[in-house]
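Reading through the structure tokens given below for one structure.
The values are calculated or read from the model by the stated rules, or taken from the named source; none is laboratory data. Given the structure is predicted, the values throughout are model-derived calculations rather than measurements. Quick reminder, even Gly has a Cβ in these numbers, built from the backbone with ideal geometry, and neighbours come from all protein chains shown.
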Amino acid sequence: MVDSDGVLCVLLPDSPRRDSELAGRLRLRRDLYRISGVERDVRRLVAALGEGEWQDQSYMLMRARSVDIAFPPKDARVAVRNAGPDDLDALFSLQMAYEREELNLKSTRSETALKVQSLLERQIVAIAFRGDEPIGKINTNARGYFYDQIGGFYVKPEYRSMGIGAAVLFYLLYRIKAERRDPVLFVRHENVPAIKVYRRAGFRPAGEYGMSTKGTRRLS
């Protein structure tokens with residue numbers, strides 16, 4: 001499935017016989033810049049495309065049961081709350097940093113602004129403050145009947161390893177549990193601090209996920 005903005009979500013059959021045919025069709029789309037899905041499928045398709053500079057990233061799929069999550073006491077050092085329209089500017093700056101650092105996405109400012117607006121309209125979005133300074137955010141990326149996918153988890157570098165990330169995460173997990181869903185998420189294997197937080201919250205590995213981004217788009 002290819003979105004209108006050039007993002008391809010792929011789930012390939014076990015046999016690679018028709019990979020070259022699919023790659024030929026995709027080469028006609030000059031706007032294709034990101035491929036995501038089960039890791040082995042993403043790697044197969046990128047190999048079949050065989051052109052351009054694709055940057056590969058791998059993620060671990062993790063899942064938890066809301067009923068098993070033990071919520072710690074609130075951290076008085078940080079205020080976490082639901083984000084609203086008045087937080088648009090604060091969320092924009094945090095989302096831009098998240099996309100560059102965590103996803104290696106070369107989004108334009110207008111693309112990120114549209115993303116933030118969509119999140120506020122359709123997802124659960126939490127934002128953390130230390131005094132008046134916005135220092136972290138987290139949100140759901142997709143909402144289903146039984147599961148909520150968590151994404152957009154970001155804390156400013158100077159506030160990491162202080163328990164701030166855990167406070168933001170558990171706030172969102174509480175919201176998800178209140179709606180009787182279970183949380184799932186994707187995390188890079190090298191993001192060891194985040195994996196430790198997720199494991200403490202009750203998340204366990206459930207699969208492998210891959211994403212390849214074509215290095216032709218530029219930040220503006």
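Of note:
- Counted residues, segment 113-148 - those being within 28 Å of Arg77 (Cβ to Cβ) and not small (Gly, Ala, Ser): 19
Results for (1) within 20 Å of Ala167 (Cβ to Cβ); (2) out of contact with any helix residue (DSSP H, G or I) (no Cβ under 7 Å at 6 or more places or on another chain); (3) not β-branched (Val, Ile, Thr), shown as yes or no for each residue.
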| residue | (1), (2), (3) |
| --- | --- |
| Asp75 | yes, no, yes |
| Ala83 | yes, no, yes |
| Glu99 | no, no, yes |
| Glu102 | yes, yes, yes |
| Thr108 | no, yes, no |
| Glu121 | no, yes, yes |
| Val125 | yes, no, no |
| Gly131 | yes, yes, yes |
| Lys137 | yes, no, yes |
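- Residue in segment 117-125 that is in a strand (DSSP E or B), touching a residue at least 24 places away in the same chain (Cβ under 8 Å) and either assigned by TED's automatic domain parsing to the domain that holds Asn82 or under 14 Å from the mean Cα position of the chain (by Cα) (or both) present: yes
- Cβ separations smaller than 6 Å between residues 6+ apart or across chains give the following pairs from segment 164-184 residues that are crowded, with 19+ Cβ neighbours inside 10 Å to residues that are in a loop (DSSP other than H, G, I, E, B) and among the hydrophobic types (A, V, I, L, M, F, W, C): Ile164/Val78; Ala167/Val78; Phe170/Phe71; Leu173/Ile69; Pro183/Ala64.
- The lone exception for Gln117 - which of (1) under 20 Å from Val187 (Cα atoms); (2) surrounded by 14 or more Cβ atoms within 10 Å (Cβ to Cβ) it fails: (1)
- The requirement of being out of contact with any His (no Cβ under 8 Å at 6 or more places or on another chain), within 17 Å of Asn191 (Cα to Cα) and free of Cβ contacts under 8 Å to residues at least 60 places away in the same chain is fulfilled somewhere in segment 127-136, by at least one residue.
- Test: residue in segment 156-177 that is assigned to a helix (DSSP H, G or I) and acidic (Asp, Glu): yes
- Of all the numbered requirements in (1) free of Cβ contacts under 8 Å to residues at least 24 places away in the same chain; (2) surrounded by fewer than 15 Cβ atoms within 10 Å (Cβ to Cβ), Arg143 misses one, and that requirement is (1).
- The set of residues in segment 175-215 that are at pLDDT 90 or above and among the basic types (Lys, Arg) comprises Arg175, Lys177, Arg180, Arg181, Arg199, Arg204.
- In segment 146-159, the residue that is surrounded by the fewest Cβ atoms within 10 Å (Cβ to Cβ) out of those that are more than 20 Å from Val67 (Cα to Cα) and under 18 Å from the mean Cα position of the chain (by Cα) is Pro157.
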